[in-house]
Amino acid sequence: MTTLQERPAAPRPGVRPGVVGRTGLYAVLLANAVVVTVFFVQAGFASNTLIVLGRLAGLYGALLMAFQLLLVARLPWFDRRIGMDRLTSWHRWTGFSVLWLLLAHAVFIVFGYAQSSSLDPVNQLVDLAETVEGVLRAITALAVIIVVGVVSARSARRRLAYETWHFIHLYTYVAVVLAFTHQVAAGTTFTSSAVAKTYWYAVWGVALAAVFTGRVVLPLWRNLRHQLRVTAVVPENDDVVSVYVTGRDLDRLPARAGQFFLWRFLTRDRWWQANPFSLSAAPDGRSLRLTVKRAGDGSAALRHLKVGTRVFAEGPYGAFTTLHRTRPDALLIAGGVGVTPIRALLEELHGHAVVIYRVATDRDAVLHDELRELALAKGAELHLVTGPPVPDRLAPKELARLVPDIADRDVYLCGPPPMMNAVLGSLRELGVPRTQTHFERFSLAG
């Protein structure tokens, strides 16, 4: 990681990093879909149309299942260019596609074989499970995927604690193994072509290796290398606390302003909890700082951390960084404790910046003194906007008054979802291009 002084003073020319990341993922998926189709055709068609459609749906479902693993592998190259929130959203919708494809696979196959026999669909399914190797495993995998799909629906997610949903979601990996063994045992491409068999082993091997590397190897290696510990716990007000963390060789940790970590503080009652908190100061190669508002027992307990507590941090994650700048000047909009990544970005940004900090009252303006000092040192404008959410203080007319050249700036936005949605609507009305609008929502999966 380069130091703050070495970072570029202006946006880099060329294709935007987000476009490169998305194009790379689309290209990988499309190329593999073509390969799968070619192998399917080479394997030959069954005489029954339903069986043909069922096999094709199963192959595409298997491919999307492997692609799902890549989306949540937390590989740094993709995460910095696309962002964990977007990757997680794609993972969600890909998951529902997998569910429907595998359901279609099961229905078409069962009804297709039932047409060729004297059995009804239910008895045909029982017969396949008893006589064809791997079918019972496939039925179990599909049942698991259906359960995960049901609990992942928005109505169910709102009723479940994250830890409960996450525990159930982990069974997806069991379904992956069962589905793969079914494919090995009964898949026509495995039995008809050595090249296709090698290809499918490679697809699943790469997908599982990506997850193991991004979710296990890389976090373990970084934490063993950096040996993070708490060095100070500083209350900012009655509800907000800053935690300072240091370690070895932090100048080699590839963290940037605007990014976040999944933090585990290794105390007896907190070691199993991982919470996403943004850096509230630009990394300087010597220490890291997070600033947290009390929102539950977990965040409230941070105030009582002891100096010297060991820390296990996964990350850095997120595309909410200056890597995605398109304009020399910037507008930074923060709401509430969403000021933490905004404050870090202001420290790192070059060029003229305008900062709008939206809070209910002056007392809620955490880190306002630091923002004011940074703005003064960097020649930035700082606007503290207070008052109740209605009427909206960040409506299009008010934003245009505060920042007349808003359409010529990159806009970085972080705050509570209702505020972010309102501001995004205002930016659209003011004609700010989507390529100049940068925001990220915390969203975890797998």
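The values are calculated or read from the model by the stated rules, or taken from the named source; none is laboratory data. Note that the structure is a prediction, hence the values are computed from the model and not measured. We place every Cβ from the backbone using ideal geometry, glycine too, and count neighbours over all the protein chains shown. Calculation scope for accessible area: heavy atoms of the full protein, side chains included, ligands and nucleic acids excluded. Shrake-Rupley method; radii C 1.70, N 1.55, O 1.52, S 1.80 Å.
Couple of notes before you dig in:
- A cut-off of 5 Å between modelled amide H atoms, ignoring neighbours fewer than 5 places along the same chain, links Phe320 with no other residue.
- In segment 302-343, the trypsin sites (Lys or Arg not before Pro) that fall in loop regions by DSSP, at most 12 other Cβ within 10 Å: Lys306
- With θ taken as phi - 60° and the Karplus curve 6.51 cos²θ - 1.76 cosθ + 1.60 applied, the whole-hertz 3J(HN,Hα) list for segment 235-243 is x, 8, 7, 5, 10, 10, 9, 10, 10 Hz, x standing for glycine and proline.
- Simple point charges give the picture: +1 on the Cβ of Lys and Arg, -1 on the Cβ of Asp and Glu, and for the chain a dipole about the Cα centre of about 500 debye.
- Amide hydrogen proximity for Leu382: with H placed 1.01 Å from N in the peptide plane, the residues at 5 or more positions away or on another chain lying under 5 Å are Val355.
- Cross-link partners of Lys397 among lysines (Cα-Cα below 26 Å; sequence separation of 8 or more within a chain): none
- Cα lying deepest toward the dipole's positive end in the chain, options Leu424, Ala33, Pro17, charges on Cβ: Pro17
- Scanning the chain for DSSP H helices at least 30 Å long along the axis (C-alpha atoms) with a Kyte-Doolittle mean no lower than 0.0 picks out 17-43, 49-71, 84-115.
- Accessible area per residue for the chain, computed on protein heavy atoms with a 1.4 Å probe, is 48 Å².
- Whole-Hz Karplus values for segment 349-360 come out as 5, 10, x, 6, 10, 10, 10, 10, 10, 9, 9, 6 Hz, taken residue by residue from phi with 6.51 cos²θ - 1.76 cosθ + 1.60 and θ = phi - 60°; glycine and proline positions read x.
- Taking a Cβ cut-off of under 10 Å around Asp239, the surrounding Lys, Arg, Asp and Glu residues balance to a net charge of +1, with basic ones at +1 and acidic ones at -1.
- Relative intensity of segment 90-148 on a log10 scale, I(q)/I(0) at q = 0.19 Å⁻¹, equals -0.71, per a Debye sum over C-alpha point scatterers of equal strength in the absence of solvent.
- Surrounding net charge for Arg289, when Lys and Arg each add one and Asp and Glu each subtract one, Cβ distance under 13 Å: -2
- Farthest towards the positive end of the charge dipole of the chain, among the residues Val217, Leu99, Phe439, is the Cα of Val217, using unit charges on the Cβ of Lys, Arg, Asp and Glu.
- Computed from point charges on the beta carbon alone (+1 for Lys and Arg, -1 for Asp and Glu), the dipole magnitude for segment 284-347 about its Cα centre is near 200 Debye.
- Under 13 Å, Cβ to Cβ, from Ile406 - net charge with Lys/Arg +1 and Asp/Glu -1: -2
- Dipole magnitude of segment 18-157 about its Cα centre (Cβ charges: Lys, Arg +1; Asp, Glu -1), debye to nearest 20: 820
- Selection among Ala400, Ala334, Leu290 by position relative to the dipole of segment 255-406 gives Leu290 as farthest towards the positive end (Cβ unit charges, Cα centre).
- Counting protein heavy atoms only, the chain has 62 percent of its accessible area on carbon and sulfur, 1.4 angstrom probe.
- In the assembled protein chains, Asp127 presents an accessible area of approximately 60 Å² (probe radius 1.4 Å).
- Cα gyration tensor shape for segment 383-423, rounded if a/c is under 1.5, else prolate or oblate: oblate
- A compact globular protein would have a Cα radius of gyration near 2.2 N^0.38 Å; the ratio found for the chain is 1.14.
- Segment 219-254 and segment 257-332: distance between their alpha carbon centers, rounded to Å: 8
- Fraction of antiparallel bridges per DSSP, the chain only, in percent to nearest 5: 55
- Value at 222 nm in deg cm²/dmol, rounded to 500, when DSSP H runs of n ≥ 4 in the chain each add -39,500 (n - 2.57): -16000 deg cm²/dmol
- Take Lys293: with every protein chain present and a 1.4 Å probe, its accessible area is about 100 Å².
- Distant-in-sequence amide H partners of Arg327 (H built 1.01 Å from N, under 5 Å): Asp410
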